[in-house]
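The values are calculated or read from the model by the stated rules, or taken from the named source; none is laboratory data. This is a predicted model, so every value here is computed, not measured. Here the Cβ positions follow ideal geometry from the backbone for every residue, glycine too, while neighbour counts run over all protein chains shown. For the accessible areas, the whole protein counts, side chains as well, though only heavy atoms, and no ligand, DNA or RNA atoms are used. Shrake-Rupley method; radii C 1.70, N 1.55, O 1.52, S 1.80 Å.
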Amino acid sequence: MVARVVINSNTLSTDRLYDYSIPSCLDEKIRLGMRVKVPFGRGNRFQEAYVYEIVQKSECQGLKSISDIVSDKTYFGKKEVELIEFMRHRYFCSYMSAIRSFVPAGVNVKYVNYISISPGADSCEIEKYCKKSSVGAKIIKCIQVYGAMSEDELKLETGKTSVRATLNKLKDKGFILIEQREHENVKDTYKTYVELAIDRQEAYDLIDTISKKAPARARILEILSENYDIELSELLMYAETSKSTLDALYEKGIINYRKVVCNDSNISYDTSYKKEKPVLTKRQAEVVEEISSSISSGEKGAFLIHGVTGSGKTEVYLSLMEKAIELGKSAIMLVPEISLTPQMISQIFSRFGDDVAVLHSKLTVKQRFNQWNRIKNNEVKIAVGARSAIFAPFENVGLIIIDEEHESTYKSEMSPRYNAIEIARYIVNRDKSTLVLASATPSVDDYYKQERKAYKLLEMPERINKGPLPEVEIADMRKEIEEGNMSIFSKPMKDAIDETLKRNEQIILFLNRRGFSGFVSCRNCGFVMKCPNCNVSLTYHKTIGKMVCHYCDYKTSLKTKCPSCDSKHIRFFGIGTERIVDEVHKLYPRAKVIRMDADTTSGRMGHENILGTFKNGDADILVGTQMITKGLDFENVTLVGIVAADMSLNMDDYKACERTFDLITQVIGRAGRAQKRGRAIIQTYNPDDETIIYSANQDYKGFYKQEIQIRQMLGYPPFTEFIKFQFSGQSEKETKYAAKDFHEKVTKSLEDFNNITVYDVSESPVFRINNKYRYRFLIKTPYNKDIYNKLHTIYDESINKYNDVSISVDVNPISTY
């Protein structure tokens with residue numbers, strides 16, 4: 001038997017299937033989707049590989065054999081292989097990047113070279129050699145002191161970027177041995193516990209003896225005398241001492257250390273929501289009944305729920321998941337970003353308890369692996385997570401729910417650049433299950449698809465509490481300036497904030513830009529402070545006193561003089577969330593204000609801590625970026641302020657109007673979700689813009705009707721597809737040449753096809769990021785398999801052709817700029 005394998009490597013030059021013979025000792029053990037150990041390349045260095053196919057024979061001669069099985073787990077099967085092939089064709093991705101979608105993060109083995117002194121080495125000869133080679137002498141000394149060391153460790157100790165040549169010489173002379181060892185990324189984590197190594201009476205006697213001379217040691221013994229054992233960090237805290245004090249007691253044989261494997265797979269969520277099922281409203285019950293019929297039928301079904309904010313979609317999801325479980329099926333629920341929807345996740349845990357697995361990037365590697373294992377072993381029936389949860393390894397998926405389906409986060413910007421909704425449709429068609437998309441602002445693409453009968457539309461036009469949608473007022477910032485108001489806040493906004501605070505109600509202020517100012521410029525000569533690595537302006541962050549690049553994270557201190565003309569007239573232009581907080585503090589010094597953006601939520605529990613503070617009423621005003629538009633439900637929020645509605649409207653992208661409408665409508669929906677009436681203020685310099693007006697009226701159908709007409713007239717998606725080819729490299733000349741050469745081949749190859757537009761090569765809007773120059777071009781075309789095949793041929797031939805220039809392909813990218 002022969003196994004066709006995919007080498008676990010990021011190198012595109014190895015992106016193909018390799019045939020290996022299966023030795024008789026492994027014939028009955030090796031299965032599709034397993035991780036195996038294979039000799040690879042001329043040096044036969046061991047590599048990890050995935051078994052992609054098993055066949056009777058190979059056309060190749062002199063096959064190498066698989067060395068061993070890395071793990072007896074199977075990470076994918078025949079159905080997943082078919083999906084991988086679909087992803088490779090659709091998204092121009094490699095085998096390995098597609099396979100990683102099905103494998104928990106961190107699951108891989110690296111084969112690392114370890115160097116040790118050869119047992120038969122002549123010490124005198126080693127000494128002679130070391131006198132001639134200072135690097136060799138350092139290597140030998142390190143190994144003699146520390147024992148076997150990896151090549152990377154030796155580079156660190158010797159201060160050299162490479163020690164390979166010296167190692168080869170030492171090996172040739174018989175001084176050292178080089179062996180490969182396996183390094184598995186997913187490892188057990190441990191906690192260290194401390195316990196007495198002497199009996200309690202002896203400890204009490206010792207405390208009396210040392211209490212005056214060594215009080216810290218005495219405190220340690222007192223604590224251990226009262227406890228069987230105690231975790232190391234807790235003991236240090238209670239005893240108010242350091243680890244060196246413990247080590248001194250350990251060396252004297254008075255205490256012992258004991259390591260215990262941590263079970264860090266447990267994930268805790270607030271389950272304080274009521275566990276009893278509420279009575280569904282008439283419309284909720286109708287929606288649940290219709291979709292439940294599809295789940296029960298065993299036939300494929302696809303639905304689009306258009307429900308206004310606060311219409312009770314979450315309870316619909318919960319009821320549908322119950323139905324799937326009742327029928328012995330599993331359910332996958334996708335949310336835009338799991339850390340931003342803690343309330344919904346808590347409701348799911350309250351209802352289903354341990355029958356839920358969570359998959360998202362904020363978990364540790366071990367936690368993600370354990371959650372994946374629970375799904376794989378059929379220990380749970382529900383998986384909740386961000387877009388990657390669509391690959392959860394359930395055997396019998398009966399239901400897939402995608403909440404806030406309009407969100408761009410369902411489209412990956414890293415290889416494989418897949419769209420989770422497309423993957424969901426593939427799975428539903430394959431497994432004859434049910435797909436539910438839901439949003440208050442469905443994507444224009446998906447609303448058009450329901451008009452074409454790809455989905456059945458189910459509307460939920462009223463809030464669950466029968467309350468009205470928030471009252472919305474548009475504040476014309478042009479008039480504010482005419483009337484002498486140069487503040488960030490209009491008079492209507494200030495008045496509304498003041499009134500809301502007096503009623504002890506809460507406020508959300510939305511601005512989709514973090515930092516203090518958009519850019520920093522010299523008023524004397526116009527010089528703009530820019531990132532040295534990227535051709536973008538730096539954003540000033542007041543809280544850290546630095547100017548920051550939001551592309552490469554370059555940071556530098558704020559300049560007091562202009563680098564160009566030495567003028568001291570440095571000015572901040574534009575606003576960010578930090579500036580909003582600053583202004584609020586000046587206007588309302590007694591108000592408690594918190595900020596939620598990428599800077600304040602970088603920690604693992606950052607989102608939960610901020611939202612918990614606001615939920616508990618420990619803050620009056622929440623200032624944030626688009627994070628605060630998603631799935632938040634606070635009963636006491638009655639005012640939402642959109643500080644700069646024009647910010648996303650003026651972007652050079654065909655989806656700019658749709659994004660603006662979505663953001664404004666969604667954030668307006670955070671107000672008045674309980675019994676109190678909600679209110680929203682939209683500040684804009686374009687009060688007559690139709691998108692702004694539709695947003696203020698929360699009129700999705702009016703907006704959609706206008707937008708779909710424009711897209712049809714211009715031939716934009718959903719009537720066609722965009723394919724973006726991006727080129728980046730450290731040499732501007734080579735990058736431009738690669739883009740032009742590739743573009744010429746594409747143009748020539750597709751000249752016989754109709755209804756296709758190949759746009760010219762141009763500099764990317766952000767021309768340089770991290771010292772890499774960027775060029776791109778777009779293709780606009782209806783989907784055509786023949787076109788894709790021709791593009792694949794050109795792409796595969798070119799992928800390693802251009803020196804140090806990387807090529808990426810993005811089908812229907814989040815933005816075309």
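The table that follows gives values for the structure above.
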{"read-out": "Every pair of residues 6+ apart whose Cβ atoms lie under 6 Å, when the first sits in segment 395-419 and is under 13 Å from Gln666 (Cβ atoms) while the second is of a type in the set (S, T, N, Q)", "value": "Glu404/Ser439; Glu405/Ser439; His406/Ser439; His406/Thr441; His406/Ser443"}
{"read-out": "Evaluation of Val2 against (1) touching a residue at least 60 places away in the same chain (Cβ under 8 Å); (2) touching a strand residue (DSSP E or B) at 6+ places or on another chain (Cβ under 7 Å); (3) surrounded by fewer than 15 Cβ atoms within 10 Å (Cβ to Cβ); (4) not aromatic (Phe, Trp, Tyr) (one fails), failing number", "value": "(3)"}
{"read-out": "Residue check for Ile621: surrounded by 24 or more Cβ atoms within 10 Å (Cβ to Cβ), over 25 Å from Lys705 (Cα atoms), more than 26 Å from the chain's Cα centre (by Cα) and β-branched (Val, Ile, Thr)", "value": "yes"}
{"read-out": "Answer from Ala496, Ala454, Ala475 - the residue that is open to solvent by 40 Å² or more (accessible area, probe 1.4 Å) and of a type in the set (Gly, Ala, Ser)", "value": "Ala454"}
{"read-out": "Residue in segment 668-681 that is assigned to a helix (DSSP H, G or I), open to solvent by less than 50 Å² (accessible area, probe 1.4 Å), touching a residue at least 60 places away in the same chain (Cβ under 8 Å) and out of contact with any strand residue (DSSP E or B) (no Cβ under 7 Å at 6 or more places or on another chain) present", "value": "no"}
{"read-out": "Contacts under 8 angstrom Cβ, first residue in segment 478-494 being under 25 Å from Gln506 (Cα atoms) and of a type in the set (A, V, I, L, M), partner part of a helix (DSSP H, G or I) and open to solvent by less than 20 Å² (accessible area, probe 1.4 Å), 6 or more apart", "value": "Ile488/Ile580"}
{"read-out": "Evaluation of Glu583 against (1) modelled with pLDDT of 80 or more; (2) part of a loop (DSSP other than H, G, I, E, B) (one fails), failing number", "value": "(2)"}
{"read-out": "The one condition in (1) without any contact (Cβ under 8 Å) to a residue 60 or more places away in the chain; (2) loosely packed, with under 14 Cβ neighbours inside 10 Å that Ser150 fails to fulfil", "value": "(2)"}
{"read-out": "Given (1) touching a strand residue (DSSP E or B) at 6+ places or on another chain (Cβ under 7 Å); (2) closer than 23 Å to Ile610 by Cα, index of the condition Gln730 fails", "value": "(2)"}
{"read-out": "Restricting segment 16-30 to residues that are touching a residue at least 40 places away in the same chain (Cβ under 8 Å) and in contact with a strand residue (DSSP E or B) (Cβ under 7 Å, 6 or more places away or on another chain), the residue that is nearest to Met96 (Cα to Cα)", "value": "Leu17"}
{"read-out": "Residue list for segment 245-287, restricted to those being at pLDDT below 85, of a type in the set (Gly, Ala, Ser) and surrounded by 12 or more Cβ atoms within 10 Å (Cβ to Cβ)", "value": "Ser265"}
{"read-out": "Any chance Glu480 is farther than 30 Å from Lys559 by Cβ, in a strand (DSSP E or B) and either open to solvent by 60 Å² or more (accessible area, probe 1.4 Å) or not hydrophobic (A, V, I, L, M, F, W, C) (or both)", "value": "no"}
{"read-out": "Top-ranked residue in segment 400-441 [being acidic (Asp, Glu) and part of a helix (DSSP H, G or I); ranked as nearest to Ile291 (Cα to Cα)]", "value": "Asp431"}
{"read-out": "First in segment 43-69 and under 13 Å from Leu32 (Cβ atoms), second anywhere and acidic (Asp, Glu) and part of a strand (DSSP E or B), Cβ under 9 Å, 6 or more apart", "value": "Val55/Asp19"}
{"read-out": "Extreme residue, modelled with the highest pLDDT, among residues of segment 563-580 that are part of a loop (DSSP other than H, G, I, E, B) and charged (D, E, K, R)", "value": "Asp566"}
{"read-out": "Residue list for segment 356-399, filter: of a type in the set (Lys, Arg) and in contact with a helix residue (DSSP H, G or I) (Cβ under 8 Å, 6 or more places away or on another chain)", "value": "Lys362, Lys381, Arg387"}
{"read-out": "In segment 376-391, residue nearest to Ile427 (Cα to Cα) [restricted to those that are surrounded by 20 or more Cβ atoms within 10 Å (Cβ to Cβ) and not β-branched (Val, Ile, Thr)]", "value": "Phe391"}
{"read-out": "Test: residue in segment 728-741 that is surrounded by fewer than 17 Cβ atoms within 10 Å (Cβ to Cβ) and small (Gly, Ala, Ser)", "value": "yes"}
{"read-out": "Candidates Glu763, Glu751 - the one that is free of Cβ contacts under 8 Å to residues at least 60 places away in the same chain and not in a loop (DSSP other than H, G, I, E, B)", "value": "Glu763"}
{"read-out": "Selection within segment 702-727 - open to solvent by 40 Å² or more (accessible area, probe 1.4 Å) and assigned to a helix (DSSP H, G or I)", "value": "Lys705, Gln709, Ile710, Gln712, Met713, Leu714"}
{"read-out": "Residue list for segment 624-651, filter: open to solvent by 40 Å² or more (accessible area, probe 1.4 Å), over 16 Å from Asp689 (Cβ atoms) and at pLDDT below 85", "value": "Gln626, Asp633"}
{"read-out": "Test set (1) surrounded by 15 or more Cβ atoms within 10 Å (Cβ to Cβ); (2) closer than 23 Å to Tyr91 by Cα - Arg430 fails condition number", "value": "(1)"}
{"read-out": "Unique residue being touching a strand residue (DSSP E or B) at 6+ places or on another chain (Cβ under 6 Å) and either surrounded by 20 or more Cβ atoms within 10 Å (Cβ to Cβ) or more than 23 Å from Arg595 (Cα to Cα) (or both) when the list is Thr539, Thr560", "value": "Thr539"}
{"read-out": "Residue list for segment 81-115, filter: modelled with pLDDT of 95 or more and β-branched (Val, Ile, Thr)", "value": "Val81, Ile84, Ile99"}
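Condition check ((1) surrounded by 12 or more Cβ atoms within 10 Å (Cβ to Cβ); (2) not in a loop (DSSP other than H, G, I, E, B)) across all residues:
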| residue | (1), (2) |
| --- | --- |
| Lys128 | no, yes |
| Lys131 | no, yes |
| Gly136 | yes, yes |
| Ser162 | no, no |
| Gln180 | yes, yes |
| Tyr193 | yes, yes |
| Asp208 | no, yes |
| Lys212 | no, no |
| Ala218 | yes, yes |
